[in-house]
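Each remark here refers to the structure printed beneath this line.
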Amino acid sequence: MLLILKHFKIVKPQILLGLLVLISLGGVLAQNRGLVLAQDQGERCTNRTRLFSIADHPVWQWTGLSTVFYKSGMAIDADGAPKAYHPKPDDIKGLDYLENAGHPGNWWGLVTDVVGNPVIQKSEDPAPGFYISKTALEDTTKAETDPRRYVDSSSIPYIVLPAKHSAGAKLGDFAVVFNGRNGKIANAIYADIGPTNKIGEGSIALAKALDIPSNPRKGGVDKDVMYVVFPGSGNRKTRTLAEINTEATKQFKNWGGMARLNDCFGLR
């Protein structure tokens, strides 16, 4: 203000007084405009219900619709990729730590034989010598020992939802995921089930699409990833990338698209 007075010291007092009034009024208007924007933003996302929280991440549902959304980080799930896991002692060849597929007696992430031993891919399979890694979503037209039965993390963008906390979503439903750090957005399919106490996980392909470090061993991010899931949108079957993009884009647009995403996650 002192600079303004000094600059206009030769101006008539009446003009200077008017100028000061305009400056003061402009500041008030700017503050009011910010308040209106903030209130408007909140009002546009009040039509929601908090379903539950997992690890301090609230999961919301849009009232009157099945759509659910949440914000968390993203861990990287290698399951379904032909080279996800490799037998010891060369398990370092696998994309992920073998421990993430289970242990003797409980190989939850691998296809096993009748006595519980993990099945190794043969010469005609995509990655001979590697274990067959499975996902919860399967192509049931293929044999259980065919690696192609499962959703390939390295080529298909998928999300993982916690067991017993899918908020009504079924395997094969569609989703849209947004990286708040760089503004990138990607379509996805719900293809795997994770621990009940963890939320925020996606495939290698999804991480790459969002420009998130995609190495299952050391990649991922701990925050700023927004997920919008559309329960009832799928048919519980595996889909091609083209089908995922078409269906997820349609669901996202019907929900309100980027405008609603901006409102509900405070991105404005």
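Per-structure values
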{"read-out": "Asp125 vs. criteria of a type in the set (D, E, K, R) and more than 24 Å from Ile199 (Cβ to Cβ)", "value": "yes"}
{"read-out": "Exclusive hit being in contact with a helix residue (DSSP H, G or I) (Cβ under 9 Å, 6 or more places away or on another chain) and in the same structural domain as Ile76 (by TED's automatic domain parsing), set Lys122, Lys184", "value": "Lys184"}
{"read-out": "Contacts under 8 angstrom Cβ, first residue in the stretch 98-121 being in a strand (DSSP E or B), partner basic (Lys, Arg), 6 or more apart", "value": "Leu110/Lys134"}
{"read-out": "Members of the stretch 80-97 found to be part of a loop (DSSP other than H, G, I, E, B), more than 18 Å from Tyr158 (Cβ to Cβ) and acidic (Asp, Glu), listed by number", "value": "Asp90"}
{"read-out": "Search result, residues across the stretch 46-79 that are on the phi < 0 side of the Ramachandran plot and part of a loop (DSSP other than H, G, I, E, B)", "value": "Thr46, Asn47, Thr63, Leu65, Ser66, Thr67, Ala78, Asp79"}
{"read-out": "Candidates Asn47, Asn117, Asn100, filtered to the one that is within 23 Å of Val221 (Cβ to Cβ) and not hydrophobic (A, V, I, L, M, F, W, C)", "value": "Asn100"}
{"read-out": "Which listed residue is farther than 19 Å from Gln61 by Cα, touching a Leu at 6+ places or on another chain (Cβ under 9 Å) and hydrophobic (A, V, I, L, M, F, W, C), from Ala242, Ala209, Ala186", "value": "Ala186"}
{"read-out": "Selection within the stretch 122-137 - within 30 Å of His57 (Cβ to Cβ) and either out of contact with any Phe, Trp or Tyr (no Cβ under 6 Å at 6 or more places or on another chain) or assigned to a loop (DSSP other than H, G, I, E, B) (or both)", "value": "Lys134, Thr135, Ala136, Leu137"}
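The values are calculated or read from the model by the stated rules, or taken from the named source; none is laboratory data. On a predicted model such as this, the values are computed, not experimentally measured, just so you know. All Cβ positions, even for glycine, are placed from backbone atoms using ideal geometry, and neighbour counts span all protein chains on display.
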